[in-house]
Amino acid sequence: MNYKGSIFAISGSLRSGSSNHNILRFLNKLVPADISYYIYDRLAEIPPFDPGMDHEHPPEAVVELRNFMKNASGIVICTPEYAFGVPGQLKNMLDWMVSSSSLVDKPVALITASSVGSHAHAALLLTLGALSAKMIDGATLLIPFIKSKIDTDGNFTDEETEKALREVMKVFLKAI
Ligand SMILES: Cc1cc2nc3c(=O)[nH]c(=O)nc-3n(C[C@H](O)[C@H](O)[C@H](O)COP(=O)(O)O)c2cc1C
């Protein structure tokens, strides 16, 4: 991965064929060739957050993730909501980022694509605020009823959603 001018993208869904993964793949097409775009694929390997293990030698997957975060020019998080909250593994990963300050002043775009999603979206904005991430005006988007807007192959069935995502990426690319 070339860290200069790079976007690090994380899906909160571990599901194969996930709409959130498909959105991240779509966003990749909007990134200019001189900016690298990497979709993180080790979220499932991040161990449960344990403050007792968060000292000189945290788990290897956590060290790698912190480096990705620190070195990226910007981070895109795209996630569903589960049980009115943030998917556990995504929140777990963010908890590991607190002590390392990996997200401090880091430009972040947040997309919550879910059946409803408003609780997870609001909670993530709070958590990212606690981590001092730099939220970009116009680069946060809540997409409800996601399954009626994108098909399982990642094709949009709703023009407005595609347009809104293009706008988010345009704003985000300007900010990083
Ligand atoms: C266990 C479970 C709980 C869910 N709870 C919520 C919820 O509280 N709010 C919501 O908007 N969607 C909820 N959903 C629906 C998912 O957000 C929806 O299926 C979404 O498309 C999943 O994202 P993905 O396609 O990227 O995997 C839930 C789904 C599952 C499997």
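The values are calculated or read from the model by the stated rules, or taken from the named source; none is laboratory data. Because the structure is predicted, anything quoted here is derived from the model rather than measured. We place every Cβ from the backbone using ideal geometry, glycine too, and count neighbours over all the protein chains shown. Note: areas computed on protein heavy atoms with side chains; ligands, DNA, RNA excluded. Shrake-Rupley method; radii C 1.70, N 1.55, O 1.52, S 1.80 Å.
Of note:
- Test for G138: is it free of Cβ contacts under 8 Å to residues at least 40 places away in the same chain and either closer than 22 Å to N22 by Cα or under 15 Å from the mean Cα position of the chain (by Cα) (or both): yes
- Any chance A120 is touching an Asp or Glu at 6+ places or on another chain (Cβ under 6 Å), aliphatic (A, V, I, L, M) and more than 24 Å from I143 (Cβ to Cβ): no
- S101 vs. criteria closer than 29 Å to P48 by Cα, of a type in the set (G, A, S) and within 16 Å of the ligand (Cβ to nearest atom): no
- Residues satisfying the stated conditions in region 40-69, i.e. under 22 Å from L27 (Cβ atoms) and either within 16 Å of the ligand (Cβ to nearest atom) or modelled with pLDDT under 95 (or both): Y40, D41, L43, A44
- Applying a threshold of 7 Å to beta carbon distances and a minimum spacing of six or more residues, or different chains, the list of pairs starting in region 14-34 at a residue that is over 16 Å from L110 (Cβ atoms) and among the β-branched types (V, I, T) and ending at one that is open to solvent by less than 40 Å² (accessible area, probe 1.4 Å) and more than 7 Å from the ligand (Cβ to nearest atom) reads V31/I7; V31/Y37.
- Of all residues making up region 121-152, the number that are open to solvent by 70 Å² or more (accessible area, probe 1.4 Å) and either closer than 19 Å to A72 by Cα or not aromatic (F, W, Y) (or both): 7
- Counting only helices (runs of 4 or more DSSP H) that sit wholly inside region 1-109, not one has at least 1 residues that are open to solvent by less than 20 Å² (accessible area, probe 1.4 Å) and in contact with a His (Cβ under 8 Å, 6 or more places away or on another chain).
- Hey, G88 free of Cβ contacts under 8 Å to residues at least 12 places away in the same chain and within 26 Å of A122 (Cβ to Cβ) or not: yes
- Flag for S73 being among the small types (G, A, S) and at positive phi: no
- Test: residue in region 111-123 that is hydrophobic (A, V, I, L, M, F, W, C), in a loop (DSSP other than H, G, I, E, B), at negative phi and out of contact with any helix residue (DSSP H, G or I) (no Cβ under 7 Å at 6 or more places or on another chain): yes
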